[in-house]
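What follows is a set of notes on a single structure, which appears directly below.
The values are calculated or read from the model by the stated rules, or taken from the named source; none is laboratory data. It should be emphasised that the depicted structure is a prediction, and the values quoted were computed from it without experimental measurement. Counting neighbours? That spans all protein chains shown, and the Cβs are built from the backbone with ideal geometry, glycine included.
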There are 2 protein chains.
Amino acid sequence: MSPRASSYDNIIDAAEAVVIEAGASHMTLDAVAAKAGVSKGGLLHHFPNKVSLLMAMVQRQIKIHQDARKKILKNIPKGPSRELKSFIIDAQNKDPMHNRLGASMSAAVAHDPRLNEPIRKVVRDNYMKFTASSIGFEKAAIITLAVDGMRLQEMLSISPFDDEQRSRIFDELLRLVDEFQETKNKAQK
Amino acid sequence: MSPRASSYDNIIDAAEAVVIEAGASHMTLDAVAAKAGVSKGGLLHHFPNKVSLLMAMVQRQIKIHQDARKKILKNIPKGPSRELKSFIIDAQNKDPMHNRLGASMSAAVAHDPRLNEPIRKVVRDNYMKFTASSIGFEKAAIITLAVDGMRLQEMLSISPFDDEQRSRIFDELLRLVDEFQETKNKAQK
DNA sequence: GTCTATATCAAGATAGAC
DNA sequence: GTCTATCTTGATATAGAC
């Protein structure tokens, strides 16, 4: 599906870097080309227009998170809320390369709001999966919303939390999933 | 502080409307002027440049929510988590005029990420207030993050919930605040 | 496959009449 | 205080050489 010429990923890396450093509105083709070390013509050979670059950015980030969650799932002992937990643990990861979904998304949406469609779909699928889990619709939704809230705040650089607070919150989220699960189990007996 | 010529608010209304209908990237001065029924020259008489319009949009929305929360607070029986509850109830309001903070913010941030500063400050103040409440830092943070998550998703049009689900989630959030409070009370005895 | 040069266009902002 | 006309810039995209 995606061509894997070395410059292809190189250009996407550069585009993400520009967004992170200068903001979505400054992600011009000139800036991306300069950052990637190619000319604008070279860039436009790989991505015939700006929208195709933005879509590639979003798609690559979606794939990165999907792959990460599959890996995480393997290491979670079987239990009723594994999917939801893998989602929390994936978001907990502060690795720079891992947290560029926000950058890609804000650049895409700033250019054309309709480009949010693939992300909308991912969000939809997530909530379908998690709210069908055994802790109940509302509680699963709230946990997921809190995780997305954290990510979206970080994407907009309005998060009020430092690293230590951030990790305490994620730990509590994981704990709450278990607690909600236990409450539910008792109620069913 | 803010001039209240009728056209002043009229122009801000128009700017918000353009963002909601066409997206942040299409909020050009031409489009706003056309929507407001004035010429570009007329618009630029009130707002000397685009940034000043964007800042006015954000400030007005912040004030609307502050005023709304003050009103809501009066109707909440005294108790330990009144501030947090007023925040949830304010977010619950689906009145169109009330939910334009997202539009203003996305337009501002799309133009220049540094314009998020006033909102960053509001978010900071909120979390300071709520997490100092008696249900404990992590739980208060999670409730607040879930509310902000809902708002930010709606701002980006990626929310997967319909109206009925949305209101069930808000009800559960209010219930959880009380439940967390009770748990805390018992623990302190 | 990568480059330079250039066409085209849209948007922000200014000047000055009424 | 509102208008029209115009200037200027910067960004996307195309054409065509190497």
Odd one out for A:Glu179, checked against (1) more than 18 Å from the chain's Cα centre (by Cα); (2) modelled with pLDDT under 95; (3) surrounded by fewer than 20 Cβ atoms within 10 Å (Cβ to Cβ); (4) more than 7 Å from chain B (Cβ to nearest Cβ): (2)
Test: A:Ala110 is touching a residue at least 60 places away in the same chain (Cβ under 8 Å) and either of a type in the set (Gly, Ala, Ser) or surrounded by fewer than 18 Cβ atoms within 10 Å (Cβ to Cβ) (or both): yes
Of all residues making up the range A:98-131, the number that are under 11 Å from the mean Cα position of the chain (by Cα), more than 8 Å from chain B (Cβ to nearest Cβ) and of a type in the set (A, V, I, L, M, F, W, C): 3
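Taking the stated definitions as given, is B:Asp95 more than 25 Å from B:Phe180 (Cβ to Cβ), within 16 Å of DNA strand D (Cβ to nearest atom), acidic (Asp, Glu) and loosely packed, with under 14 Cβ neighbours inside 10 Å? Talk me through it step by step, then tell me what you get.
Numbers: more than 25 Å from B:Phe180 (Cβ to Cβ): yes; within 16 Å of DNA strand D (Cβ to nearest atom): no; acidic (Asp, Glu): yes; loosely packed, with under 14 Cβ neighbours inside 10 Å: yes.
No; evaluated as a whole, the condition is false for this residue.
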The range A:17-49, subset in contact (Cβ under 8 Å) with a residue 40 or more places away in the chain and within 9 Å of DNA strand D (Cβ to nearest atom), residue farthest from the other protein chains (Cβ to nearest Cβ): A:Met27
